[in-house]
1. Indicate, rounded to the nearest 5 percent, the antiparallel portion of the DSSP beta bridges found entirely in the chain.
2. DSSP H helices in the chain with Cα extent of 20 Å or more along the helix axis and mean Kyte-Doolittle hydropathy at least -0.5?
3. Which sequence of 26, 64 reflects their accessible areas, 1.4 Å probe, from the largest down?
4. Can you give me the distance in nm between label points at residue 381 and residue 262, each placed 7 Å from the Cα along the Cα-to-Cβ direction?
5. Between residue 14 and residues 5 or more places away or on another chain, which pairs have amide H atoms under 5 Å apart, with H built 1.01 Å from N, and which residues are they?
6. Mind ranking 137, 318 by accessible surface for me, highest first, 1.4 Å probe?
7. Treat every Asp and Glu Cβ in the range 250-328 as -1 and every Lys and Arg Cβ as +1, leave all other atoms uncharged, and give the resulting dipole magnitude about the Cα centre to the nearest 20 debye.
8. Roughly what % antiparallel, to the nearest 5, for the DSSP beta bridges in the range 149-284?
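The values are calculated or read from the model by the stated rules, or taken from the named source; none is laboratory data. These numbers were taken from a predicted model, which means no experiment stands behind them. Note: ideal-geometry Cβ built from the backbone for every residue, glycine included; neighbour counts use all protein chains shown. Only protein heavy atoms, including side chains, enter the accessible area calculation; ligands, DNA and RNA are left aside. Shrake-Rupley method; radii C 1.70, N 1.55, O 1.52, S 1.80 Å.
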Amino acid sequence: MKPRLIDKQIWAVGAVDFDRRMFDALIPLPDGTSYNSYLLRGSEKTALVDTVDPAFASVLMDNLRDVPSLDWIVANHAEQDHSGTIPAVLEKYPRAMVVCSPKAKSMLMDHLGVSADRIQTAEDGSTLSLGDLTLEFISTPWVHWPETMSTFVREPGLLLSCDFFGAHVAQTDPFVDDDKLIYDAAKRYFAEIMMPFRTAIQKNLERLSRYDIKMIGPSHGPIHRRPEFIQHEYREWVSDTPANAAVVAYISMHGSTSIMVRRLVAELAGRGVRVAQFDLADTDSGKLAMALVDAATIVLAGPAIHIGLHPKVANAAFLANAIRPKAKFASYVGSYGWGQKLIEQLQSILTNLKVEFIPPVICRGLPKEADLAAVDALAAAVAAKHAESGCTDTTCR
Ligand code: FEO
């Protein structure tokens, strides 16, 4: 993509990656992604905020071809998809200095081999003048590593937030056209990248509420010209109150678990609980993660393999444990042949979640009437717990 003017003096000079299908070897990217880099041409100095993934270094370097000098390279985040091309830019501009948070300095040195004498650290709240543009550096830790910061360009009210408020979307238009169309991609991104750091993000949102932000330019996905939309959604996603919703993720070998899951989902829905059901034999982990953002209850389901969890179920539990959703309750439904240690294994995985375990329903072989009655009771218990704990129907979409 060629340079695109996004505001007078500010250009998008990064790369759009239409073909990438996985991120961090973990997150499916159905819509590709972008590595946004912003060129700010002040009346006295020029700065580049974030670079691009090294695989797209040639795009950025091409876009800088007619930029004769560069004074500053702001590294909001040390991860390779944003800082990986800093060494090439430093080589092109031998007098340019990198500006980053104090914590990012050693990361840039260790991960990318940037020399210490090319790095200047910026304290939280410090500023850098480009002449008629002023950059203010705001510490926004854990979006997505501990060293992350955001850069606020005061005069246009533009927040350059790197991963924060981002979305994995590849498109030629640099701006969000329709908030509703970016919602799923932004939520998928939040679920897998940001959700583990909900508490830190609550503080970051509070901090940013003091700024008059007119535009948010993340380093993945399009620029928000109506920043209140994405800020509002983030406040919903990080809130401590889950929705009156459950995730039921299951796998079935010979049909017993399927019978129980169908019954459970119907009973939950009949009691007003919104359910997202996933067959783990073929589930997009991004969709599962998105459903976990709001859900109050997680029910995993499957047969015992020998006596332990089915690996697909263990994998889903491991994912949930890693991304730390706000769920308050968990349970299990499944079957076994001759013995089982399903709950012990499940509890040993879900150690990061602050969930109350609701008694599971585990039957031998095919579920009998008594087992299905126990499933009904589980659904009733889940609905009652949701009501008691103040889960709302308004926090979900
Ligand atoms: Fe887009 Fe944490 O890197």
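1. Approximately 40 percent, going by the DSSP bridge assignments.
2. Span-like helices here: 256-270, 369-388.
3. Accessible-area ranking of 26, 64, largest first: 26, 64.
4. Those two pseudo-labels are separated by 2.4 nm.
5. Residues meeting the amide H criterion: 37.
6. Details: 137 5, 318 135 Å².
Correct descending sequence by accessible area is 318, 137.
7. Result for the range 250-328 is approximately 260 debye, rounded to the nearest 20.
8. If I count the DSSP bridges inside the range 149-284, around 25 percent turn out antiparallel.
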